[in-house]
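The values are calculated or read from the model by the stated rules, or taken from the named source; none is laboratory data. Predicted model, so just to flag it, every value in this text is computed and none were measured. Using ideal geometry, Cβ is built from the backbone for each residue, glycine included, and neighbour counts are taken over all protein chains shown. Please note that ligands, DNA and RNA were not included when accessible areas were found on the heavy atoms of the full protein model with its side chains. Shrake-Rupley method; radii C 1.70, N 1.55, O 1.52, S 1.80 Å.
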Amino acid sequence: QPTIDKTVKNGTGDYVKSNDASIGDKVEYKVVIYAKKGATGYVLTDTMTEGLTFNNDIAITDDNNKTLTSGIDYTMTSAVDSTTGVTTITVTFKPDYLNTLTNDSTDITVTYSATLNKDAVVYNGTNKNTAKLKYGHDAKTTTSETDTYTYMFDLVKTDSTNKLLADAKFKLYDSSEGGNVINLVADGDNAYRVAVNGEAGVEIVTNAASKITIKGLKRGTYWLEETKAPQGYNGLTARVEVDLTGGNNVATMDNTTYVPVNNAGIHIVNNTGATLPSTGGMGTTLFYVIGGGLMVAAVVLLVTKKRMENK
């Protein structure tokens, strides 16, 4: 009786039972079939949910240092269900190959990948991949599965009273300075997701009716840059950190007012009124130059006045 074990590669390169990814990322899988001497009727079936797109890059080796050849040692087919979006991959091992497995146990390793696509389920759901092996006349192994997670955060743009502000614009980056912009596209009302290949990124635009949800990101740290402040409000001078190392970051709202429960969500405040130049900025330098010039002029006038009085 053979057994199987399915795993997925994580961010450190280890094959484990679950990982996380951003939309557009490549997700790498491995299935190990612990084959037995006298193997017959081996058919591996692998199914992946609609948030995963098969990359058609299957490769098979065994621990006899053999790389299996498609059409000679096995055949592979794949099909996508038009209703559910589920992809089914079927690998049928040829009898001539199975007859070469004369050891008591042989490990057959099947590797392939998928891309996390725009239909990916955001955590608390999961993007599953499930494998099982049919063998003999009609026997089957227990299934072995993996989970791939992707995450989201809420952007809440308010004034000093925690009321939502409209028409602020943002871009998302992978670094606090410089770095790469993460392209986003609108995904329904009040939401944006990570863009896939071929999609042009857009700026995040806030409104006064709802928080904004950004989804399709793996665990990590990101930064929001305000490219335009609401009219009459002061813009931000630095990027704002988005911490997704712990997973989702969901804001609590009371209609159009932010509720600061555990500081959840990414809450960004714009204030009204004049802003003084920052220390060391060009504005401060200008004040120093003008002030120094006025002081010199005052000294000149004072000296001139004294001389005239003496005369």
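Any residue at all in the stretch 50-68 that's hydroxyl-bearing (Ser, Thr, Tyr) and part of a loop (DSSP other than H, G, I, E, B)?
There is no residue in the stretch 50-68 that is hydroxyl-bearing (Ser, Thr, Tyr) and part of a loop (DSSP other than H, G, I, E, B).
Can you confirm whether ALA209 is under 21 Å from LEU244 (Cα atoms), out of contact with any Phe, Trp or Tyr (no Cβ under 6 Å at 6 or more places or on another chain) and either open to solvent by less than 60 Å² (accessible area, probe 1.4 Å) or touching a residue at least 12 places away in the same chain (Cβ under 8 Å) (or both)? Show your work before the answer.
On the way: under 21 Å from LEU244 (Cα atoms): no; out of contact with any Phe, Trp or Tyr (no Cβ under 6 Å at 6 or more places or on another chain): yes; either open to solvent by less than 60 Å² (accessible area, probe 1.4 Å) or touching a residue at least 12 places away in the same chain (Cβ under 8 Å) (or both): yes.
No: the conditions fail for ALA209.
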TODO: Residues being in a strand (DSSP E or B), open to solvent by 50 Å² or more (accessible area, probe 1.4 Å) and free of Cβ contacts under 8 Å to residues at least 60 places away in the same chain: count how many of those fall in the stretch 89-121.
DONE: 1
TODO: Residue by residue through the stretch 60-69, note down the ones that are touching a residue at least 12 places away in the same chain (Cβ under 8 Å) and loosely packed, with under 13 Cβ neighbours inside 10 Å.
DONE: ASN64
Task: Scan of the stretch 72-122 for residues that are within 30 Å of GLU199 (Cβ to Cβ) and hydroxyl-bearing (Ser, Thr, Tyr), ordered by number - done: THR77, SER78, SER82, THR83, THR84, THR87, THR88, THR111, TYR112, SER113, THR115
TODO: Inspect the stretch 89-111 for any residue being farther than 18 Å from THR3 by Cα and under 25 Å from the mean Cα position of the chain (by Cα) and give the result as yes or no.
DONE: no
TODO: Quickly run through the stretch 133-161 and pick out the residues that are open to solvent by 20 Å² or more (accessible area, probe 1.4 Å) and within 14 Å of THR206 (Cα to Cα).
DONE: ASP159
